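The values are calculated or read from the model by the stated rules, or taken from the named source; none is laboratory data. Bear in mind the structure is a predicted one, so any value in this text is a computation, not a measurement. All accessible areas refer to the heavy atoms of the entire protein, side chains included, with ligands and DNA or RNA removed. Shrake-Rupley method; radii C 1.70, N 1.55, O 1.52, S 1.80 Å.
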Amino acid sequence: MSHLLDNLLLFGRVLRGAGIAVHPGRLLDVVRALDHVDIASRDDVYYACRALLVHGPEQMPIFDRAFAMFWSANTGAGTRPGGRRRNPSTATPTLEVIDMREAGGSIAADAAGDDKGAVNGALKTWSEAAGLADKDFATLTPDELTQATAALARLIWTPGRRRTRRWIRGRGPRLDLRRAIAESRRTGGDVVTLSRRVRRTRPRPLVLLCDISGSMERYSRLLTHFAYTIASRYRRVETFLFARQLTRITRQLETARPDEALAAVSRAVPEWSGGTQIGRAIREFHRHWARRTLAGGAVVLLISDGWDCGEPAELAAQIARLQRSAHRLVWLNPLVGTVGYAPLTRGLRAALPFVDDFLPARTLTDLADLAVHLNTLA
C-alpha cells in the first residue's frame, strides 16, 4: 500500500494545483474508503475518489483529467483462492504513472518547498515481483513476454490535444455576444450575464511506423503487441509496418482478441525479417497515407534501429518531410541504452537532425517513460 499512499498524496497535490481544495482529512477519508472497494477496479476507485474530493460540477472536468493520468491499474487487489477477498491494504500496484505537469493545465504553482522535486517529476512504479522493468525485450522468455504485454496494456497514452477553429461555450477570454444577446430575451433585453467562449479542443492523432526487418526480429513481436495496446486504448491511431515496403495494419489491430489481431497482422504483411529501406517506406507513406493520417497535427512514433539499405540522402529528405507534416516526430530505437551503442550508421546520422525526440524502446521502463513524455506534449 506504500506506493499507493505516496501516489494518493501526489494526486492530492495535483488537484490542489488545479484549483480543487483537497485537505489532508479528505485524503484520509479516501484511504479508508479504498478499504471497502476493489482497487483493481478503475470505476470503484474513480467513484470513491470523486465522491470525497469533488465539491461541485464545475470541478468534474479537472478531476477527470487528473484521475485519467493518476490511474493505470492496481491488479494486486481482488479475491483470494476460495472466494475470500484480499485486503486492499496489502495489494501491490502493478503500474502507476502520474505526470504532475499535466492535470488542470497548470500545476507548477503548487510546487513550493519540499513538493518541488515531486511535482517537477513523475512517479512511476513497476511491480518488482516479475523483475521485468529493466529487462531487455530481446531476452524475454515466452512467459515473461506474456507478463510484459499485460503490463503494456495498463499504460495510458494521451498524446496531447490541439485547438480547433471552432468556439464553444466555456470560461475563456472571449465574450460570446451572440449567446449573451440571445439570453437577454429572457430578461426583457437586459444583459445580465456576459457569456464567454473557448476554443474547442480535439485529441491529436497518433501514427505508428514500425520496422520489422531482420535486425528488428528480436523486438518485432513485443513491439507489435505495443502497437495493438495503443490501438485498443486510443481511438485515433494509424499503424504501419515496414521493411522494404509499407503495410497498413490498422484494421487488423481492431480485432478484440490480441492473438487474433496478431495472426491477422501476420497474414497481411508480405515480408518479415527482410532488408530495410526506411526512406523508401516513408516515401510510400507520404504518397498514399500522409494526407489522410497526419491531418489534425498528428504525433508520429517511428520505431526502428536505424539500419538501412537505402540512400542516406533519401532517408534524410523523407524524415525531414515527415517532421514538417507532423506535430512531433519521435524516433524510438531499441538499441539505445545497450552497452557501447552510438547512432553512427549513415542513415541515422542523416535523419537525426530532423527528429524531435530520439528515445529508447528496449525495456518496459522505457515505454513507461514514453507514455509520460507523450502525456506532457502540449
Debye equation applied to the C-alpha atoms of region 160-269, log10 I(q)/I(0) at 0.15 Å⁻¹: -0.70
How would region 239-378 be classified by its alpha-carbon gyration tensor: rounded, prolate or oblate, with rounded meaning a/c under 1.5 and the a/b versus b/c comparison settling the rest? rounded
Per the Kirkwood formula on distinct C-alpha pairs, the Rh of region 24-72 is how many angstrom? 11.1
Span from the region 1-43 Cα centroid across to the region 161-189 one, whole angstrom: 36
Of every hundred units of 1.4 Å-probe accessible area on region 316-363, the number belonging to carbon and sulfur atoms, as a percent, is 53
Carbon/sulfur fraction of accessible area - region 125-227, other protein chains in place, 1.4 Å, %: 47
With a 1.4 Å probe and every protein chain left in place, work out the accessible area per residue of region 176-318 in Å², rounded to a whole number. 51
Report, by chain and number, residues whose modeled amide H sits under 5 Å from the one on Arg162, excluding near sequence neighbours (fewer than 5 apart, same chain). Arg202, Arg204
Going residue by residue through region 30-40, the Karplus relation 6.51 cos²θ - 1.76 cosθ + 1.60 with θ = phi - 60° gives ³J(HN,Hα) values, rounded to whole Hz and with x marking Gly or Pro, of 5, 4, 5, 5, 5, 5, 10, 10, 8, 6, 7
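State the extension gain, in nm to one decimal, for the chain segment bounded by Leu175 and Arg324, taking 0.36 nm per residue of separation less the distance between their alpha-carbons.
This chain segment gains 50.2 nm when fully extended.
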